[in-house]
Amino acid sequence: MRLTTRWLMWFLGIGIYVMCLGGVFYYNLFKWTFDEKLKTEIIDKIKMYAPPLSKGLMGNSRVMTFPEYDVMQALIKDERIASVLYLSRSGTVRWHKDTRFIGKSWDEFQKAIPPATDAITQAYFSKHPKVRPVPNESFYEIAIPFTARTEIIGIISVLVSKAPADVLVGSAMRKYVFGALGVLFLLGLPLYFFLHHYVVSPMEALQDNVDNISLKTFDLRFPPRSDEIGGLVGAISRLLGKMKLEIEGIVNRDRKYKEAEQKWWRSLLNTIVPGEQYVIVVDENNNILYANFELAGGGEAKNIHLLDVVDSQQQNLLRLVGQAFETPNRIVEGETVFRNQNLGVKVLHVGDTSEMSRTLILLHPKSGINI
């Protein structure tokens, strides 16, 4: 997986995770804020109408006054208020949208319509407004007592819908999601360009330069940098330098070993092989290590292959060499034409492994010698 793809997946994963955590926090914050705002607004609205309501309760405990009636009409016109229950000091229903309950006692009303919560009871005993959520419904019951000289003279209870607050919460959450996505995009875009410009592109250029390294020079051509990528380039360059030294050392050892082996074969074969006989020594790759005669191009054997010396007229010689490979450490004898001479051939292949083996080819007059 590419680094940019992996970074993008991590960035999106972390961004979405943070968005979800923030969403949970802000949802509860918005919900609490708008719920509290809804409760406060309803309580303040009823308190605003408290003077005419208190005056009516103190003046006539049985019949509502016109100001009180106007207040009830204003409350039920509020879209947030689902129902209103208005109780007098004696506990009778002073106003309800169902007129058949007006004038009934609180006990009779409870039997017909059980209260949604205990808000009225709690407001009566505490003499303070009480708010209770209606179980399994999207409503609050808000009960507000009216007092005169610390005595309860009446209670008004309203059933308030949480739908407007939920609408506000939904709207706020949508704005939050769009805002968070915008922030994620605006934050990710410069980070992506930074990653691509300062990390990915230099690494791709470094990869191309590494692919183009010549095994002869081991030169890494990359512009100098002072950051971590520059440090990586320096480490690769040092590694290439060490590899170059190692390879040069191996090549030098191989060359010295080959030169020493050629001297050894020259000294040995010059001693035991007469001058009228031809001898060739080849390595595991059939490159000629030593020959006691001048090869094509002049000089001694240096990076010359056996096939450069043996042409198509010496098929018998090549066949004998093949037989010697098949029967190592055993002399294979035969005849061939070499340098326009009819000569006897003795071939000996020695070596336990294909990486280190030598083949000795002796071409002699048919009277020959033994090896």
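Quick note: the coordinates plus some simple rules give every number you see, no bench work behind them. Since we're looking at a predicted model, the values are computed, not measured. Every residue, glycine as well, gets a Cβ built from its backbone with ideal geometry; the counts of neighbours run over all protein chains shown.
Summary of values
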quantity: Projected label distance in nm at residue 148 and residue 167, using a 7 Å step from Cα toward the beta-carbon; calculated: 3.9
quantity: DSSP H segments from the chain that extend 18 Å or more along their own axis, Cα-based, with Kyte-Doolittle mean of -0.5 or above; calculated: 3-48, 163-195, 228-272
quantity: Long-range HN-HN contacts of residue 338 with modeled amide H, under 5 Å; calculated: 343
quantity: Peptide ranges 90-101, 191-202, 132-143 listed from the most packed, as the mean C-beta count within 10 angstrom indicates; calculated: 132-143, 90-101, 191-202
quantity: Two-site label geometry, residue 193 and residue 62: point separation in nm, points 7 Å out along Cα→Cβ; calculated: 8.3
quantity: Restraint check, 45/162; 47/175; 104/162; 37/104; 55/104, Cα-Cα greater than 27 Å; calculated: 47/175; 104/162; 37/104
quantity: Set of aspartates and glutamates with alpha-carbon distance to residue 31 below 13 Å, sequence-local pairs under 8 removed; calculated: 166
quantity: Amide H partners (placed H, <5 Å) of residue 213, local residues excluded; calculated: none
quantity: Ellipsoid equivalent to the stretch 253-348 - semi-axes via the Cα gyration tensor, in Å; calculated: 21, 16, 14
quantity: Amide H partners (placed H, <5 Å) of residue 162, local residues excluded; calculated: 139, 140
quantity: Relative contact order for the chain, counting Cα pairs under 8 Å that sit 6 or more residues apart, in percent; calculated: 10
quantity: Cross-link reach list, lysines versus residue 111, counting only Cα pairs under 26 Å and skipping chain neighbours closer than eight places; calculated: 97, 127, 130
quantity: Fewest-first sequence of 120, 213, 304 by Cβ atoms within 10 Å of each Cβ; calculated: 213, 304, 120
quantity: Positive-end residue, the chain charge dipole about Cα centroid, Cβ charges, pick of 304, 232, 363; calculated: 232
quantity: Cβ-based charge dipole, the chain, positive-most Cα from 117, 262, 245; calculated: 117
quantity: Nitroxide proxy distance, nm - points 7 Å out along Cα→Cβ at residue 209 and residue 259; calculated: 3.6
quantity: Farthest positive-ward along the chain dipole, Cα basis, beta-carbon charges - from 10, 56, 29; calculated: 56
quantity: Mean Cβ neighbour count within 10 Å, used as a protection proxy, ranking 162-172, 281-291, 5-15 highest first; calculated: 281-291, 162-172, 5-15
quantity: Cβ-placed point charges (K, R +1; D, E -1), dipole of the chain about Cα centre in debye, nearest 20; calculated: 2180
quantity: Centroid-to-centroid separation of the stretch 24-75 and the stretch 132-169 [C-alpha atoms, Å]; calculated: 8
quantity: Lysines whose Cα lies under 19 Å from that of residue 244, excluding same-chain neighbours fewer than 8 positions away; calculated: 216, 256
quantity: For percent of Cα pairs over 38 Å apart, calculated from these coordinates, the label among (i) 13; (ii) 63; (iii) 19; calculated: (ii)
quantity: Given charges at beta-carbon only (K, R positive; D, E negative), |dipole| of the stretch 3-167 in Debye; calculated: 220
quantity: Given charges at beta-carbon only (K, R positive; D, E negative), |dipole| of the stretch 242-285 in Debye; calculated: 260
